[in-house]
């Protein structure tokens, strides 16, 4: 079997495993919602990259509350697995290359934000960190499309945390309680990014970064 064929089979196996484990979590995890948000036709949702796995469950729930949710995803191989789970959860993926190649894709996303009613979700510190340091894209979209920014913070009663990864990626365990804090910050300017909580237990934090940052 050719190398490319083996690679495709390996990808399908991993996609199946991820989907099956996500199904197991949906059946066994207790989700506690703490929401400070009035859902509109379109909003900008931001979350931390470490919470990407369980965000599939969160986004599936949001799909019933707001307009269709498009999730910004890296265009490389990692994005294939993410896109598969996003589609399974009822969303769609916007594939964006890393580095300088991202400009054209991001320009189209900005243009589409003016022209159609949809919500956009993204990992604020993705795709490669630094951890818990938000990029400005979400807030640029919020400011220029006049859309409310909604931060989503998660905490887990029991999980596996991959500490050797830059984001300390979280895989919740079955029968865990996951707290999902959803907070609406209104329209946010990219020059004044809120100091976002790193987990749901800190979701009341409202301190802002200085204008100079």
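The values are calculated or read from the model by the stated rules, or taken from the named source; none is laboratory data. Just so you know, these numbers come straight off a predicted model, no measurement behind them. Reconstructed Cβ throughout: ideal geometry from the backbone, glycine too, with neighbour counts over all protein chains shown.
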Conditions (1) modelled with pLDDT under 95; (2) in a loop (DSSP other than H, G, I, E, B); (3) in contact with a helix residue (DSSP H, G or I) (Cβ under 7 Å, 6 or more places away or on another chain): number failed by residue 141: (2)
Subset of the stretch 14-34 [exposed (fewer than 14 other Cβ atoms within 10 Å of the Cβ) and either under 17 Å from the mean Cα position of the chain (by Cα) or over 26 Å from residue 158 (Cβ atoms) (or both)]: 33
So, in the stretch 166-176, how many residues would count as being closer than 22 Å to residue 196 by Cα and in contact (Cβ under 8 Å) with a residue 60 or more places away in the chain? 6
